[in-house]
Structures are given as structure tokens and as C-alpha cells.
């Protein structure tokens, strides 16, 4: 997976989605698997998997982007933050490239 640099959000997101699907972990970043309550015996396993995915996400972005990640509490929060920060910018970049081609 290429490191997220900002202008490559769509290709990075697609590659990460495929990687997360292959590990059966996509539900952690799409909100389909919320954290169980503290008294649920599955909460420790959920926390372990969430932390692992947070590490994957942190290691898949450029260092200047990763500086904000340690302050987030979940893989879902990181995923949503990166989308909010880079989705629109990548759309504009794609539009600019299409104009250059044509």
C-alpha cells in the first residue's frame, strides 16, 4: 500500500480497504463493529484489534500526517479524520489531472 501523502487519498483508501477486507477488519473503520461495553468479555479483544488497526493506519501515512494520529482513540476516528482531511483535495487533484490530459 502506498503511503498516504494527501494527494493520493483515493488510491490509498482503496488499497487500505482491500487490505482491511483481506484481514476481516474493515468493520472497525466503517462503523459496522462498534466497541462493546466495558463489561462485555469481547471488549478486550476489540481493543486489541482496534489498536492493531490504528497502528496499521499510522504506518500507512506520511510522517507529517501521522503526527495527529496518536491522539485519536479508535481506528474509525482515524479513518474518518483522514477522509475528511484528504477526500476533497484528492477530488480536485483528479479534476486538475483530467484537465491536463484533455
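The values are calculated or read from the model by the stated rules, or taken from the named source; none is laboratory data. From a predicted model like this one, the values you see are computed outputs, not experimental measurements. As a convention, Cβ positions derive from the backbone with ideal geometry for all residues, glycine included, and neighbour counts pool all protein chains shown.
General remarks:
- Yes/no for residue 56 being closer than 23 Å to residue 3 by Cβ, in a helix (DSSP H, G or I) and either at pLDDT 95 or above or touching a helix residue (DSSP H, G or I) at 6+ places or on another chain (Cβ under 8 Å) (or both): yes
- Test set (1) outside any loop (DSSP other than H, G, I, E, B); (2) within 24 Å of residue 85 (Cβ to Cβ) - residue 35 fails condition number: (1)
- Among the residues of the stretch 1-30, those that are part of a loop (DSSP other than H, G, I, E, B), more than 18 Å from residue 85 (Cα to Cα) and at pLDDT 95 or above comprise 23, 24, 25.
- Leading residue by the ranking (nearest to the chain's Cα centre (by Cα)) among those in the stretch 34-79 that are closer than 21 Å to residue 11 by Cα, surrounded by 12 or more Cβ atoms within 10 Å (Cβ to Cβ) and free of Cβ contacts under 8 Å to residues at least 12 places away in the same chain: 77
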